[in-house]
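Enquirer: One structure is given below, represented as C-alpha coordinates, and several questions about it will come after.
The values are calculated or read from the model by the stated rules, or taken from the named source; none is laboratory data. Every value quoted in this text rests on a predicted model; they were computed, and no experiment measured them. Note: areas computed on protein heavy atoms with side chains; ligands, DNA, RNA excluded. Shrake-Rupley method; radii C 1.70, N 1.55, O 1.52, S 1.80 Å.
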Amino acid sequence: MTAPAPPAAAPHSATEDTVAIFTGVLMISVGVAFFSSAGLLTGGTAGLAFLLHYATGIGFGKVFFVLNLPFYWLALRKLGREFTLKTFAAVLLLSLVTEVQARFLQVAHIDPLYAALAGGLTMGTGFLALFRHRCSLGGIGIAALYLQDRYGWRAGKVQMAVDCGIVLLALAVVEPARVAWSVLGAVALNLILALNHRPGRYTGT
(Lines give C-alpha, C1' and ligand atoms only; values in the text may rest on other atoms or scores of the structure.)
Protein backbone atom coordinates (compact mmCIF):
# COMPACT_ATOMS: atom_id res chain seq x y z
CA MET A 1 0.00 0.00 0.00
CA THR A 2 1.58 3.25 -1.12
CA ALA A 3 1.44 6.47 0.84
CA PRO A 4 -0.80 9.17 -0.65
CA ALA A 5 0.97 11.82 -2.68
CA PRO A 6 1.41 15.15 -0.88
CA PRO A 7 -0.98 17.88 -2.01
CA ALA A 8 0.32 20.24 -4.66
CA ALA A 9 1.70 23.44 -3.19
CA ALA A 10 -0.25 26.60 -3.88
CA PRO A 11 1.71 29.13 -5.92
CA HIS A 12 2.89 32.31 -4.26
CA SER A 13 0.69 35.33 -4.83
CA ALA A 14 2.06 38.57 -6.27
CA THR A 15 1.81 40.13 -2.80
CA GLU A 16 3.77 37.27 -1.22
CA ASP A 17 6.46 37.57 -3.88
CA THR A 18 6.70 41.33 -3.42
CA VAL A 19 7.02 41.13 0.36
CA ALA A 20 9.58 38.31 0.13
CA ILE A 21 11.72 40.12 -2.44
CA PHE A 22 11.68 43.35 -0.44
CA THR A 23 12.50 41.49 2.78
CA GLY A 24 15.29 39.47 1.18
CA VAL A 25 16.87 42.51 -0.48
CA LEU A 26 16.70 44.53 2.74
CA MET A 27 18.42 41.75 4.70
CA ILE A 28 21.11 41.43 2.04
CA SER A 29 21.68 45.20 2.08
CA VAL A 30 22.32 45.05 5.84
CA GLY A 31 24.88 42.30 5.29
CA VAL A 32 26.51 44.40 2.56
CA ALA A 33 26.74 47.32 5.01
CA PHE A 34 28.46 45.07 7.60
CA PHE A 35 30.93 43.76 5.03
CA SER A 36 31.65 47.21 3.63
CA SER A 37 32.21 48.73 7.07
CA ALA A 38 34.72 45.98 7.93
CA GLY A 39 36.40 46.17 4.52
CA LEU A 40 35.39 42.61 3.68
CA LEU A 41 34.44 41.03 0.38
CA THR A 42 31.94 38.45 -0.67
CA GLY A 43 31.66 36.12 -3.62
CA GLY A 44 29.71 36.12 -6.84
CA THR A 45 28.79 39.25 -8.73
CA ALA A 46 28.62 41.16 -5.47
CA GLY A 47 32.25 40.21 -4.76
CA LEU A 48 33.35 41.55 -8.13
CA ALA A 49 31.32 44.68 -7.47
CA PHE A 50 33.07 45.13 -4.10
CA LEU A 51 36.50 44.78 -5.75
CA LEU A 52 35.68 47.35 -8.42
CA HIS A 53 34.11 49.64 -5.82
CA TYR A 54 37.25 49.55 -3.67
CA ALA A 55 39.51 49.98 -6.71
CA THR A 56 37.63 52.78 -8.47
CA GLY A 57 35.49 54.48 -5.84
CA ILE A 58 32.37 54.00 -7.97
CA GLY A 59 29.32 53.19 -5.83
CA PHE A 60 28.71 49.51 -5.12
CA GLY A 61 25.11 49.72 -6.32
CA LYS A 62 26.03 51.16 -9.73
CA VAL A 63 28.76 48.56 -10.35
CA PHE A 64 26.56 45.70 -9.15
CA PHE A 65 23.72 46.66 -11.48
CA VAL A 66 25.97 46.87 -14.56
CA LEU A 67 27.78 43.57 -13.83
CA ASN A 68 24.49 41.71 -13.75
CA LEU A 69 23.29 42.82 -17.17
CA PRO A 70 24.86 39.91 -19.17
CA PHE A 71 23.24 37.27 -16.96
CA TYR A 72 19.66 38.22 -17.81
CA TRP A 73 19.96 36.46 -21.17
CA LEU A 74 20.68 33.14 -19.43
CA ALA A 75 17.87 33.75 -16.96
CA LEU A 76 15.36 34.57 -19.69
CA ARG A 77 16.36 31.60 -21.85
CA LYS A 78 16.72 28.92 -19.17
CA LEU A 79 14.64 30.03 -16.17
CA GLY A 80 11.73 31.92 -17.71
CA ARG A 81 10.31 35.41 -18.03
CA GLU A 82 8.82 35.57 -14.53
CA PHE A 83 12.11 34.60 -12.85
CA THR A 84 13.99 37.12 -15.00
CA LEU A 85 11.63 39.98 -14.17
CA LYS A 86 11.74 39.21 -10.45
CA THR A 87 15.54 39.03 -10.54
CA PHE A 88 15.83 42.30 -12.45
CA ALA A 89 13.56 43.97 -9.88
CA ALA A 90 15.61 42.57 -6.97
CA VAL A 91 18.93 43.67 -8.51
CA LEU A 92 17.58 47.14 -9.21
CA LEU A 93 16.16 47.42 -5.69
CA LEU A 94 19.44 46.33 -4.05
CA SER A 95 21.39 48.76 -6.24
CA LEU A 96 19.13 51.62 -5.16
CA VAL A 97 19.03 50.64 -1.48
CA THR A 98 22.82 50.35 -1.16
CA GLU A 99 23.25 53.75 -2.82
CA VAL A 100 21.07 55.52 -0.21
CA GLN A 101 21.58 53.20 2.77
CA ALA A 102 24.25 55.39 4.40
CA ARG A 103 21.53 57.96 5.12
CA PHE A 104 19.75 55.47 7.36
CA LEU A 105 22.44 53.05 8.56
CA GLN A 106 25.96 54.01 9.59
CA VAL A 107 28.31 51.55 11.29
CA ALA A 108 31.07 53.42 13.16
CA HIS A 109 32.94 50.25 14.20
CA ILE A 110 32.41 46.55 13.64
CA ASP A 111 34.72 43.66 14.45
CA PRO A 112 35.69 41.69 11.30
CA LEU A 113 34.69 38.37 12.90
CA TYR A 114 31.24 39.67 13.78
CA ALA A 115 30.88 41.31 10.36
CA ALA A 116 31.78 38.03 8.62
CA LEU A 117 29.39 35.87 10.66
CA ALA A 118 26.46 38.28 11.12
CA GLY A 119 26.78 39.70 7.62
CA GLY A 120 27.16 36.29 5.98
CA LEU A 121 24.27 34.70 7.85
CA THR A 122 22.03 37.71 7.26
CA MET A 123 22.77 37.75 3.54
CA GLY A 124 22.31 33.98 3.32
CA THR A 125 18.86 34.26 4.87
CA GLY A 126 18.02 37.06 2.47
CA PHE A 127 19.13 34.97 -0.50
CA LEU A 128 17.05 32.06 0.81
CA ALA A 129 13.94 34.27 0.83
CA LEU A 130 14.62 35.26 -2.78
CA PHE A 131 15.37 31.73 -3.97
CA ARG A 132 12.20 30.33 -2.43
CA HIS A 133 10.20 32.83 -4.44
CA ARG A 134 11.93 31.98 -7.73
CA CYS A 135 14.15 35.03 -7.68
CA SER A 136 17.86 35.76 -7.28
CA LEU A 137 20.30 38.64 -7.37
CA GLY A 138 21.60 37.70 -10.78
CA GLY A 139 25.09 36.62 -11.68
CA ILE A 140 26.26 33.41 -10.02
CA GLY A 141 22.87 33.00 -8.36
CA ILE A 142 21.24 32.57 -11.78
CA ALA A 143 23.84 29.98 -12.82
CA ALA A 144 23.52 28.14 -9.48
CA LEU A 145 19.72 27.91 -9.74
CA TYR A 146 19.95 26.74 -13.35
CA LEU A 147 22.44 23.99 -12.42
CA GLN A 148 20.21 22.88 -9.54
CA ASP A 149 17.12 22.73 -11.77
CA ARG A 150 18.98 21.07 -14.66
CA TYR A 151 21.36 18.65 -12.90
CA GLY A 152 20.21 18.55 -9.26
CA TRP A 153 23.40 20.21 -7.98
CA ARG A 154 22.68 22.05 -4.74
CA ALA A 155 22.62 25.77 -5.39
CA GLY A 156 24.30 26.48 -2.05
CA LYS A 157 27.27 24.22 -2.78
CA VAL A 158 27.73 25.59 -6.30
CA GLN A 159 27.64 29.16 -5.08
CA MET A 160 29.92 28.38 -2.12
CA ALA A 161 32.60 26.95 -4.43
CA VAL A 162 32.46 29.89 -6.82
CA ASP A 163 32.26 32.46 -4.02
CA CYS A 164 35.30 31.12 -2.21
CA GLY A 165 37.23 31.10 -5.48
CA ILE A 166 36.38 34.74 -6.17
CA VAL A 167 37.26 35.80 -2.64
CA LEU A 168 40.62 34.03 -2.92
CA LEU A 169 41.33 35.95 -6.13
CA ALA A 170 41.07 39.08 -4.03
CA LEU A 171 44.48 38.22 -2.52
CA ALA A 172 45.93 40.15 -5.44
CA VAL A 173 44.51 43.42 -4.13
CA VAL A 174 43.48 42.85 -0.50
CA GLU A 175 45.58 41.92 2.52
CA PRO A 176 45.36 38.25 3.60
CA ALA A 177 43.64 38.94 6.94
CA ARG A 178 40.67 40.62 5.25
CA VAL A 179 40.50 37.82 2.71
CA ALA A 180 40.43 35.22 5.51
CA TRP A 181 37.51 36.97 7.22
CA SER A 182 35.81 37.29 3.83
CA VAL A 183 36.10 33.53 3.23
CA LEU A 184 34.45 32.94 6.62
CA GLY A 185 31.64 35.28 5.59
CA ALA A 186 31.19 33.46 2.27
CA VAL A 187 31.02 30.10 4.07
CA ALA A 188 28.44 31.45 6.56
CA LEU A 189 26.32 32.84 3.72
CA ASN A 190 26.35 29.69 1.64
CA LEU A 191 25.93 27.36 4.62
CA ILE A 192 22.44 28.79 5.02
CA LEU A 193 21.70 27.97 1.38
CA ALA A 194 23.31 24.52 1.43
CA LEU A 195 21.29 23.48 4.50
CA ASN A 196 17.96 24.97 3.48
CA HIS A 197 17.75 25.30 -0.30
CA ARG A 198 17.91 21.96 -2.06
CA PRO A 199 15.64 19.88 -4.29
CA GLY A 200 12.56 18.63 -2.46
CA ARG A 201 13.10 20.76 0.65
CA TYR A 202 10.60 23.43 -0.40
CA THR A 203 7.62 22.96 -2.71
CA GLY A 204 6.26 26.48 -3.07
CA THR A 205 6.34 28.08 -6.52
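Enquirer: So what's Rg/Rh here for the range 1-107, counting alpha carbon atoms and using the Kirkwood radius for Rh?
Expert: That ratio equals 1.11.
Enquirer: Something else about it: Give, to the nearest whole percent, the P(r) tail of the range 158-199 beyond 14 angstrom, counting all Cα pairs. Don't jump to the answer; show the numbers that get you there.
Expert: Working: 398 of 861 pairs.
More than 14 Å apart: 46 percent of the Cα pairs in the range 158-199.
Enquirer: Please compute the volume of the convex hull spanned by the alpha-carbon atoms of the range 84-171 and report it per residue in Å³.
Expert: Per-residue hull volume (Cα only) is 119 Å³.
Enquirer: Ok, one more. Sequence neighbours fewer than 8 away in the same chain don't count; with that in mind, list the lysines whose C-alpha is under 19 Å from K78.
Expert: Filter leaves K86.
Enquirer: Okay, next question. Search the structure for amide H atoms under 5 Å from the amide H of S136, placed 1.01 Å from N in the peptide plane, and list their residues when 5 or more places away or on another chain.
Expert: T87
Enquirer: Using a 1.4 angstrom probe, figure out how much accessible area the range 36-162 has per residue, in square angstrom, rounded to the nearest whole.
Expert: Solvent-accessible surface per residue comes out at 48 Å².
Enquirer: Expressed as a whole percentage, what fraction of the accessible surface of the chain belongs to carbon and sulfur atoms when a 1.4 Å probe is rolled over the protein heavy atoms?
Expert: Whole-percent figure for carbon plus sulfur exposure: 68.
Enquirer: Using only the alpha carbons of the chain, what is the convex hull's orientation-averaged projected area in square nanometres?
Expert: 12.3 nm²
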